[in-house]
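First up is the structure itself, then whatever we jot down about it.
The values are calculated or read from the model by the stated rules, or taken from the named source; none is laboratory data. Predicted model, so just to flag it, every value in this text is computed and none were measured. Note that each Cβ is placed from the backbone with ideal geometry, even for glycine, and that neighbours are counted across all protein chains shown. For the accessible areas, the whole protein counts, side chains as well, though only heavy atoms, and no ligand, DNA or RNA atoms are used. Shrake-Rupley method; radii C 1.70, N 1.55, O 1.52, S 1.80 Å.
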Amino acid sequence: MSIIRTFVVASFASTLIAGCQSMGQSGAPALDSDNTSYKRMVTQGRARTIVENLYQCPVKVGNHRISGVGQITATDGTVITVPAETALQKGLGPKSQDLYNECTQIVPKNSAEVSTAGVPVIEIDSDGEVITGFIVADNYYEMWVNGKLVSVDNTPYTPFNSSIVKFKVKRPYTIAFLLADWEENLGLGSEMFPIGPSGKPWYPGDGGLIAKFSDGTVTDSSWKAQSFYIGPLMDPKEVVERGNMHEVYRLGRVHPFAKRPTCEDKCYAVHYAIPANWQSLRFNDSNWPRAWEYTDDDVGVDNLPAYTRYPELFAGARWIWTINLVFDNMVIARKTVR
């Protein structure tokens with residue numbers, strides 16, 4: 001073999017090996033370096049309202065809440081959007097297609113009445129599989145697949161709605177959800193509950209996500225979930241970092257056991273910087289905590305028809321969130337499907 005030929009063959013082999021290494025053993029692109037910043041930022045008091053209401057229900061319903069957006073300045077000077085900086089506020093991405101929504105008067109009586117025929121398919125890969133999913137989020141979600149925005153919750157707060165999504169992708173692929181438990185007391189992580197004269201105006205609400213997809217993917221503890229906004233707090237020291245987990249274990253994790261702080265509009269909140277490219281297939285979430293599973297009773301959804309009318313559509317899926325269902329207000333959840 002000539003020297004030139006030997007050099008060409010060796011170069012081709014090196015390129016092939018490097019390419020295989022960059023793709024990883026599973027055929028997925030190698031993960032980027034972990035760029036998650038766990039910079040801790042502290043705020044106190046109420047945020048300044050910058051958006052009065054992201055969504056106005058066009059019909060009269062019994063449980064419509066105003067979905068305001070605020071900004072608040074942390075003690076280090078960082079300006080933070082609460083409850084979250086969302087695609088909905090920016091006018092990005094396709095709005096969610098309704099499975100159940102009182103505001104649009106799409107209210108199938110049961111799973112047999114649900115049709116997915118008119119749901120548009122968001123293409124990720126032209127040679128991929130078309131996957132249908134059913135989603136309920138308490139309260140807001142936006143869903144990304146391999147870094148592409150495929151569904152933005154059209155009703156960010158209440159009334160509680162549920163959604164259908166279709167996307168075309170090939171494995172492996174990564175689903176990333178940004179999730180927000182919305183709030184009426186902006187920057188304070190609290191709300192009036194229940195609505196009416198007996199309601200408590202400084203009630204720390206709770207979140208939750210449940211989703212099931214036609215390829216067998218379901219929300220469960222195999223997902224990763226990280227918190228980025230925690231409150232209301234009597235003292236920011238109530239949030240303890242254990243590795244990459246942000247814990248407020250002394251306050252309780254679910255209602256009715258969670259402690260309700262008495263600080264009202266003087267409460268604190270702890271925030272963490274949202275990492276770049278969190279939506280990406282290549283984003284490195286290997287150091288994130290696993291998602292925690294919750295029951296219907298934990299999330300308090302036994303009387304929500306957007307979910308309870310369609311048990312077949314969510315069979316096998318579990319409600320998920322971070323380790324704290326009550327005090328963690330803004331969460332990112334991710335799953336790579338292989």
Candidate set: segment 230-246, residues that are modelled with pLDDT under 95 and charged (D, E, K, R); chosen: the one surrounded by the most Cβ atoms within 10 Å (Cβ to Cβ): Glu241
Going residue by residue through segment 151-160, is there one that turns out to be under 26 Å from Gly91 (Cβ atoms), open to solvent by 10 Å² or more (accessible area, probe 1.4 Å) and either modelled with pLDDT under 95 or not in a strand (DSSP E or B) (or both)? yes
Counting only residues in segment 290-337 that are surrounded by fewer than 22 Cβ atoms within 10 Å (Cβ to Cβ), polar (S, T, N, Q) and not in a loop (DSSP other than H, G, I, E, B), the one nearest to the chain's Cα centre (by Cα) is identified as Thr336
With criteria (1) closer than 23 Å to Lys335 by Cβ; (2) outside any strand (DSSP E or B), Lys166 comes up short on (2)
Within segment 187-214, tally of residues that are in contact (Cβ under 8 Å) with a residue 12 or more places away in the chain and either surrounded by 15 or more Cβ atoms within 10 Å (Cβ to Cβ) or touching a helix residue (DSSP H, G or I) at 6+ places or on another chain (Cβ under 6 Å) (or both): 18
Output the qualifying pairs, or none if there are none: Cβ atoms under 6 angstrom, residues six or more apart or on different chains, first residue in segment 125-136 and of a type in the set (Ser, Thr, Tyr), second residue crowded, with 16+ Cβ neighbours inside 10 Å. Thr132/Lys166
How about segment 247-268: which of its residues are part of a loop (DSSP other than H, G, I, E, B), open to solvent by 60 Å² or more (accessible area, probe 1.4 Å) and in contact with a helix residue (DSSP H, G or I) (Cβ under 7 Å, 6 or more places away or on another chain)? Lys259
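Regarding segment 269-276, can at least one residue be identified that is β-branched (Val, Ile, Thr), in contact with a Leu (Cβ under 9 Å, 6 or more places away or on another chain) and in a loop (DSSP other than H, G, I, E, B)?
yes
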